[in-house]
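Novice: Pasting in a structure now, in structure tokens, and then I'll have a few things to ask.
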Amino acid sequence: MGDAIGQVLSFGVGVAVSPIPIIGVVLMLGTPRARSNGPAFILGWIVGLTAVGTIVLIVSSGANASEQGQPADWIAVLKLVVGALVLLVALRQWRGRPRAGGQAEMPKWMKTIDAFKPGKAAAFGVLLSAVNPKNLLLVVGAGAAIAQTGASTSSQAGALAVFVLIGTLGVGAPVVLYLALGDRSAHILAELKAWMNANNAAIMVVLCLVIGAKLIGDGLSGLAA
């Protein structure tokens, strides 16, 4: 199980550092339904990561991701493909960054957050956790990395749980802070939102470059072995 957990740590951090979802959560916590919408969003986030991660694990295990204790060749190829796609996400973020003195354009759905009810907040949690391109690629990478270890089903489930836990820290922290401090957390959350908004492109580019390079390196090593 230790090997499987070690495989997913970087993927979990990659999911956790998601500026747009974090900004969305902070905005949600400034609405009248904050105490219900915040936890609902987190629940949806966890469900999204768990569902997609479980599907990837089932498919990977059924396709013999591990052969005699060693990762199958197709796992290495998958890592190369996912790594290349993550680098493309980095390129897209860099090309779409705001110019000097400009403001990053926020998604249109953020303008409707005041009207969210718990069900819609949970639905957006699912969408932002496992359907947006960056996170989807990382969940696929994490699931394949767990499956390639050939660990037992319980160990794989435990590793996936660790991945989901780490991946939830970014959006979960503001909600926990709000529930613990109430209105006293407003200043801290406002500063977090402003910083994330100002540095969204830089954060995403660096994160995607590091993880993409790691995936491609792992894929090349796997094929060479």
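The values are calculated or read from the model by the stated rules, or taken from the named source; none is laboratory data. A quick note: this is a predicted structure, and the numbers were derived from the prediction, not measured. Here Cβ is always computed from backbone atoms with ideal geometry, including for glycine, and neighbour counts include all displayed protein chains.
Novice: Which one is modelled with the highest pLDDT, of the residues in segment 204-225 that are surrounded by fewer than 17 Cβ atoms within 10 Å (Cβ to Cβ) and more than 21 Å from the chain's Cα centre (by Cα)?
Specialist: Going through the qualifying residues, I end up with 220.
Novice: Any chance segment 163-173 includes a residue that's in a helix (DSSP H, G or I) and without any contact (Cβ under 8 Å) to a residue 12 or more places away in the chain?
Specialist: So in segment 163-173, the residues in a helix (DSSP H, G or I) come out as 163-173.
If we keep only those that are without any contact (Cβ under 8 Å) to a residue 12 or more places away in the chain as well, we get 173.
Yes, segment 163-173 has at least one match.
Novice: Under 17 Å from the mean Cα position of the chain (by Cα) and not basic (Lys, Arg), is that true of residue 6? Working first, answer last.
Specialist: Numbers: under 17 Å from the mean Cα position of the chain (by Cα): yes; not basic (Lys, Arg): yes.
Yes; evaluated as a whole, the condition is true for this residue.
Novice: I've got another one for you. When you scan segment 26-37, do you find a residue that is over 15 Å from residue 113 (Cβ atoms), in contact (Cβ under 8 Å) with a residue 40 or more places away in the chain, touching a Phe, Trp or Tyr at 6+ places or on another chain (Cβ under 7 Å) and assigned to a helix (DSSP H, G or I), even just one?
Specialist: No, segment 26-37 contains no residue that is over 15 Å from residue 113 (Cβ atoms), in contact (Cβ under 8 Å) with a residue 40 or more places away in the chain, touching a Phe, Trp or Tyr at 6+ places or on another chain (Cβ under 7 Å) and assigned to a helix (DSSP H, G or I).
Novice: Which condition breaks for residue 153 when tested against (1) surrounded by fewer than 24 Cβ atoms within 10 Å (Cβ to Cβ); (2) within 26 Å of residue 207 (Cα to Cα); (3) among the hydroxyl-bearing types (Ser, Thr, Tyr)?
Specialist: All conditions pass for residue 153, except number (2).
Novice: Now, a different point. Could you check residue 121 against (1) surrounded by fewer than 19 Cβ atoms within 10 Å (Cβ to Cβ); (2) touching a helix residue (DSSP H, G or I) at 6+ places or on another chain (Cβ under 6 Å); (3) hydrophobic (A, V, I, L, M, F, W, C); (4) modelled with pLDDT of 90 or more and say which number it fails?
Specialist: Of (1) surrounded by fewer than 19 Cβ atoms within 10 Å (Cβ to Cβ); (2) touching a helix residue (DSSP H, G or I) at 6+ places or on another chain (Cβ under 6 Å); (3) hydrophobic (A, V, I, L, M, F, W, C); (4) modelled with pLDDT of 90 or more, only one is false for residue 121: (1).
Novice: Identify the residue in segment 72-92 that is buried (at least 22 other Cβ atoms within 10 Å of the Cβ) and more than 15 Å from residue 134 (Cα to Cα) and, among all such residues, is modelled with the highest pLDDT.
Specialist: By that ranking, first place goes to 78.
Novice: Looking at 214, 193, can you tell me which residue is in a helix (DSSP H, G or I), of a type in the set (D, E, K, R) and under 23 Å from residue 6 (Cα atoms)?
Specialist: 214
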